[in-house]
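Heads up, the thing below is written out as C-alpha cells.
Computed from the coordinates by the stated procedures, all read-outs in this text should not be read as laboratory data. From a predicted model like this one, the values you see are computed outputs, not experimental measurements. Every residue, glycine among them, receives a Cβ derived from its backbone with ideal geometry; neighbour counts consider all protein chains shown.
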Amino acid sequence: MEFLKENKKKLIFAVSLLIAAMIFSQTYSYGAEQFKGIYHVKLFGGYNVHSQVQVKDGRISSIDIYGSDFLGSAADYNKSYLNDAVQGMKDKFIGKSASDINEIKEVDGVAKATVSSDAVKKSVMNALGLEETEVRDYLPEKVPAPGDYTVKISNVTEQTLTKRTGGGIEHSLIGGKTADALLHVDKGGKMTLSYLMKSGTENEPLYILNYNGYYDEESDNLKTPSMEGVKLQNIFWGKLKLSKYNELQGISDSVVGRVTRPLKELKAHYYENVKLYVPAMKYLNRPGFDNGKFTAVSKLSPDWKSLKKIKALNFSDGTYNVKGKLFQPDGVTPSMADGVMQENIKLEVKKNKYYISLAFGKMKRSGVEGYLGSAKYYACGYIVDDSAIQGDLKDTDILKFHTDKKGKHIEDDYGMDYPKLVRFPVISEAKLDGIVPMQLNIPVMESFGEGAGVKNVLLRLDWSSAKKQKSPKPEKLKSIKAFKVKSYGKRMVKLSWNKISKSSGYTVYMSKSPKGKLKAVKDLKGAKVGKFVLKKLKSKQKLYFTVKAYKRQNGKKVYVAASKTVSVTVK
C-alpha cells in the first residue's frame, strides 16, 4: 500500500509537470511570445474578430483567428465571409514582422470578403499593439506649370450616405491600391484630373453604377455633389459576352469608365459621390442598401510627390513612318495577329490631329491562309482588366481592299471585302503612352475553334522611331488639249476640252483678272465629262478660265492634268 501511495504521488507530480510544460510550451513555445487581440466590426449587425498571435525572434510564428458574437439578419453571411477570409489569409501572416505595421497591412485579403479581410488585419494589429500613425500629406507649393502630367492616385470608399459616421472599410474604386491618373493644367492654371474607375476586378468585386459628382467641402460637411465640368465615358457591359460579368445582368448595362473632373485647388484629398453594387451584399435589403446597391462617398488622394510631366507629341504636319508591334492584352505576349499586319505603319498629322494607317497582308498558319475581316479600335476610356480589353469599339476607315489581278475584291469560303489598308484617329491615351487598343477579326481563324477569329490586341507604337517622309516632288501635270471657252447666249460661257482617260473628274477654275487668283467654281465627276456651261455671269465682263483633271488616291484628290488659261468676254 505504501508503495502504491508513493507511486501515485509521483504519477500526479509527473502529470502536473507535463500539463505545466504544455501550458508553458503553448504560451512560450521555444521562446515564442503569445499576444491576443480583438477587433469589432460594426457593419451588417456586427461581430468580433479574435486573434492569438505567437511571435518568435520578432516575427509571427503561429496564428489563430476566429469570430464571435455574430448579430443581426446577416449573421450567417458574416460567419461565411469571415471563414473565407481566415482560410485565405491565415498562412500569409507567418513570417511577417511583428513590429512593422506595413507588412501586416500589405497581406492580401480575400476577394468578396473585403470587410472580413480588413477586420482580420486590424485584429492582428491590435494583438501586436500596432497603431497607424498619421502621415502629414505633401502638397506642392503652387499649381504646376501648364501641361500634362501623370500622378499616382488612390480612390477608396470613405462612408455610406446613410451613415455619415462612416463604415470604416475601404473599397478601392480603381481596381487596386493605386493607379495612374492624368492631370492637365491649362494656361490659366485650371486643373482637370482624368482617371479610370474599374469594376468587377479580382481584388474588388464591386461595380460602379454611377458617378454622382464631387464635393468642394471637406468630408465631414458634405452637401450636394456637383457635376460641373465633369465628363464621363461609361463602359457598356451589355455589349460583352463574358460569363465573368453575369452577376451584373439585370442590374445595369453599363458601369463608370473614365472620369474627368476639375480640381479647383490643390488638396491632399478630394471627395466624390458614387453608386455601387456589391454582389456579396445582394441579400442585404435595409434602408440605404437595396439588395447590394448603395450610395457612398469616396476619398480620392493624389500622391503629389509622384507628379511627372508628360512630354506630349508635337509633330509638325506631314506623314511619318512609325515602328510598332501587336501584343496580347497583357502587353507582354506577342500577338499571332502581328504576322498579318505589315511593317509600314504610317502616322499622318494635320493641324494637330493624328491618324494611323495600318496595312494588312495575307495570314498563313498551319497550312491555312486567310485575310483580315475587320479592324476596330477602342475609344478613349478603355480598360484593360484580367488580360481583356473593355470599352466602346469604333470602326476604322477602309482605304483599300484586297483584290485579285483583275481588280475585283477577293472572296473565299470565309467572306469577302477584306481590308488591306485601314485608317483611324489616335486616341488621347495613345498620344501619351503609344498604346492603341484594337479588335481584329480574322475569319479563317474560326477554323481553329469558335471565337478564335476575334482577337483583342494592343498596338504598341514607338513614337521615338517616327521619321518624317520627304514630300514627293509634285508631278508635272499633263496638258489638257483643245481647251476652248466661248461666250454662249446671254450672260453664259461654254467650256470644252479633250477628255483625260482614267481620270476621276475635273475642276473648273475662274478668275476676274489675268493675274488674279483662280478659284474653283465647279467640280465635275467622271472621266467622260468634256464640256460645261456657266450661267448668270455679269455681261461685258472679261473672265479667265482653267480646267484641271484629277484622280482619287487613298481618298484624296490628286491633280494629274491641267489646261492653259483662256479668256473670254461675256455677252
Item to complete: Run the quick spin-label model on Thr403 and Met416: label points 7 Å from Cα toward the beta carbon, then report their separation in nm to one decimal.
Response: 1.5 nm
Worksheet item: Using a simple charge model, +1 on the beta-carbon of Lys and Arg, -1 on the beta-carbon of Asp and Glu, nothing else, what dipole does the chain show about its Cα centre, in debye to the nearest 20?
Response: 7820 debye
Fill in: Relative contact order of the chain, pairs being alpha-carbon contacts under 8 Å that are 6 or more residues apart, as %
8 percent
Practice prompt. Would you kindly compute the Cα radius of gyration of region 503-556 and its largest Cα-Cα separation (Dmax), both in Å?
Written response: 12.9, 43
Practice prompt. Starting from 0 in steps of 10 Å, tell me what percent of the Cα-Cα pairs of the chain lands in each bin.
Written response: 3, 12, 16, 17, 15, 13, 9, 6, 4, 3, 1, 1, 0, 0, 0, 0
Fill in: Longest to shortest principal axis, alpha-carbon extents of region 24-128, angstrom
44, 27, 18
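Rounding to the nearest 20 debye, state how big the charge dipole of region 238-335 is about its Cα centre with +1 on each Lys and Arg Cβ and -1 on each Asp and Glu Cβ. Can you show the working numbers first?
On the way: 18 positive and 8 negative charges, 43 e Å.
Using only the charged Cβ atoms, the result is roughly 200 debye.
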Item to complete: For Asn203 and Phe315, compute 0.36 nm times the residue count separating them, minus their Cα-Cα distance, and round to one decimal in nm.
Response: 36.3 nm
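When averaged across all projection directions, what area in nm² does the alpha-carbon convex hull of region 478-569 cover? It would help to have the intermediate numbers written out before the result.
Working: hull surface 23.2 nm².
Computing the convex hull of the Cα atoms and averaging its projections yields 5.8 nm².
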Discussion item. Given bins 5 angstrom wide, list per bin the percent of all Cα-Cα distances in region 415-532, short to long.
Written reply: 2, 7, 9, 12, 10, 8, 8, 9, 10, 9, 7, 5, 3, 1, 0
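Tell me whether region 318-468 comes out rounded, prolate or oblate; compute the Cα gyration tensor, take square roots of the eigenvalues as a ≥ b ≥ c, and use a/c under 1.5 as the rounded threshold. Walk me through the numbers before you get to the answer.
Numbers: a/c = 1.84, a/b = 1.26, b/c = 1.47.
Oblate shape, in that a/c is at least 1.5 and b/c is the bigger or equal ratio.
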Discussion item. Can you compute the charge dipole magnitude of region 373-431 about its Cα centre, using +1 on each Lys and Arg Cβ and -1 on each Asp and Glu Cβ, nothing else charged? Give it in debye, rounded to the nearest 20.
Written reply: 480 debye
Response to the item:
When the charge dipole of the chain is computed with +1 on Lys and Arg Cβ and -1 on Asp and Glu Cβ about the Cα centre, the Cα farthest towards its positive end, among Phe327, Ile383, Ala549, belongs to Ala549
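Expressed as cubic angstrom per residue, what is the convex hull volume of the alpha carbon set of region 392-448?
116 Å³
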Worksheet item: So how tilted is helix 114-128 from the main axis of the chain? Cα-based, degrees 0 to 90, rounded to 10.
Response: 50 degrees
Worksheet item: Cα axis of helix 2-27 to longest principal axis of the chain: angle in degrees, 0 to 90, nearest 10?
Response: 20 degrees
Worksheet item: When a footprinting reagent is the concern and you count Cβ atoms within 10 Å, what order do Met227, Met445 take, fewest first?
Response: Met227, Met445
Worksheet item: Can you list the aspartates and glutamates whose alpha carbon sits under 15 Å from that of Lys96, skipping same-chain ones fewer than 8 residues off?
Response: Glu33, Asp57, Asp64, Glu106, Asp108
Worksheet, complete the sentence: Between the residues Ala337, Val533, Gly95, the Cα farthest towards the positive end of the dipole of the chain, that dipole coming from +1 and -1 charges on the beta-carbon of Lys, Arg, Asp and Glu, is from Val533
